[in-house]
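What follows is calculated from the coordinates using simple rules that are stated; it is not laboratory data. Since the model is a prediction, treat every value here as computed from it, not as a measurement. Quick reminder, even Gly has a Cβ in these numbers, built from the backbone with ideal geometry, and neighbours come from all protein chains shown.
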Amino acid sequence: MKNTLLLLATLGGLGSTAIAGTPVPTVITPPPAPVSLYNAHELQFDLFGQYGVTSSGNERLIGDDAFGGGLGVNYFITRWFGIGGEGSLFDTEGDAVGTATFNVFFRAPLGESGFAVYGFTGIGITFNADDIDSDDFDDFQDRVEDDDDPRDTDDVLLQGHVGLGVEYRFSPNFGIFTDARYTFVERDDSDFTLIRAGVRFAF
């Protein structure tokens, strides 16, 4: 009798195991990696307003101060290093003074806070953007020509600059920025400080 009961219990256990089947392992999906707001191989397009102000008598190029705006295109080869170019215009009491510059950027994202600080330097030109045959050109020419050589009437000046800035990204593709630079102009009494603020589109 005991043997019969033991046999029935064994058969019952085997049957329940067959019904239950092989246990299915639980698959744990890892959370997606966070999206970086600042990346290598990043192409940027800038739209900005600007304000130039002089000091220590450096009023020859833009007067006491001048407002303007411009466009820029940058490319970050790595997350931290980029190059770019920009063009802008100033309204200097009726004259349109233009600038075109090439820049090198060193960027430091602050974790994934959205903020990044950057330093930059560059070279470029400042030029008279009005028609050189217009009356406005005479005033501009008086500011930029070489006083030591009356025959020198160049309206294109070399410049260099160094600056610092901060950027905030709302997403990997859109942010705002502001920066300030000191611009060295080849003519005496023409240096100025430039402050910019604008929006940045990154792809």
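Kindly rank 110-116, 42-48 from highest to lowest mean number of other beta carbons found within 10 Å of each residue.
42-48, 110-116
How far apart, in nanometres, would the label points at Val162 and Leu110 be if each is projected 7 angstrom from Cα along the Cα-to-Cβ direction?
With each label point 7 Å from Cα toward Cβ, the separation is 2.3 nm.
If a/c stays under 1.5 just call it rounded; otherwise compare a/b with b/c (prolate if a/b is bigger, oblate if not). Do that for region 26-85, with a ≥ b ≥ c from the square roots of the Cα gyration tensor eigenvalues.
prolate
Between Glu186 and Val199, what is the label-point separation in nm under the 7 Å Cα-to-beta-carbon projection?
Placing both labels 7 Å along Cα→Cβ, they lie 3.7 nm apart.
Semi-axes, largest first, in whole Å: what does sqrt of 5 times each Cα gyration tensor eigenvalue give for region 43-116?
Result for region 43-116: semi-axes of 30, 14, 11 Å.
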